[in-house]
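What follows is a set of notes on a single structure, which appears directly below.
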Amino acid sequence: MHIACIRINRFVVFSDINGNCDVMDKLHDLPGYLIRRLQQMAVSAFVTRAKAAGFDLTPVQYGSLATLAQRPGIDQATLAALVAYDRVTIGGVVGRLESRGYLARHVSEEDRRARLLTLTERGKSVLQTIQPAVRAAQTDMLAPLTREERAEFMRLMQKLTGTGKGGEDQDMAATLPETAG
C-alpha cells in the first residue's frame, strides 16, 4: 500500500506504510506513456487544423472516409478492421458520417445482413477539400524532427504497427517538406 508520492528530479518515489521506498520508472521514459501523449498531440493537431479549415471531423472519421475512397463498397466490419477500430465503435462513426451525408449504406446483394459503404458526392468533396489541412497537421506533428529523423521515426512506427512498405499506410515522412534541422 502506497501512502505518499514524492517526485525527486524526474523519479517518482513511493513510500509504503512501513516507510520503504521504491523508485518507479520515470514516467516520461515509458513507451506506453509517450505513445499515448503522441496520440493526444496528433489528435489535437488534426482537430485544430481541421477546424481552422472549417471542418468538424475527427481523425477516425477522416480515416474512414479515406479508406472508403480507396476501397468503395466494403462492409462495416472490413472498414473497422482497416482503420483498427472495433465493430461497435465504427458503427457510431459510420452513423455520424451517414447523418452528415458523407457516406451511404447499401444492403449487400450477396449477404442481406451486410451493409456496404460508399462515399457520397458530398463525402468525396469533403475528403478532397480537407486534404491541405490533413497534410498541415501531419507536418505539425513531425515539425520538431529533421527529414532524416522523420524518416526514421516513420520507419520505426511502421515496424511497431506492422504497416511498413507494402502495407495499407503510405510513407508520410518522405512526402513532408523539410521543417527542422
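The values are calculated or read from the model by the stated rules, or taken from the named source; none is laboratory data. Predicted, not measured: the structure shown is a model, and the values here were computed from it. Note: ideal-geometry Cβ built from the backbone for every residue, glycine included; neighbour counts use all protein chains shown. We work out accessible area using only protein heavy atoms, side chains counted, and drop any ligands, DNA or RNA first. Shrake-Rupley method; radii C 1.70, N 1.55, O 1.52, S 1.80 Å.
Within the stretch 22-45, if we keep just the residues that are outside any loop (DSSP other than H, G, I, E, B), of a type in the set (A, V, I, L, M, F, W, C) and open to solvent by 80 Å² or more (accessible area, probe 1.4 Å), the residue that is modelled with the lowest pLDDT turns out to be Val23. Take the residues of the stretch 76-108 that are outside any strand (DSSP E or B) and β-branched (Val, Ile, Thr): which is most open to solvent (accessible area, probe 1.4 Å)? My answer is Val88.
Residues of the stretch 46-57 include at least one that is buried (at least 16 other Cβ atoms within 10 Å of the Cβ), at pLDDT 95 or above and basic (Lys, Arg).
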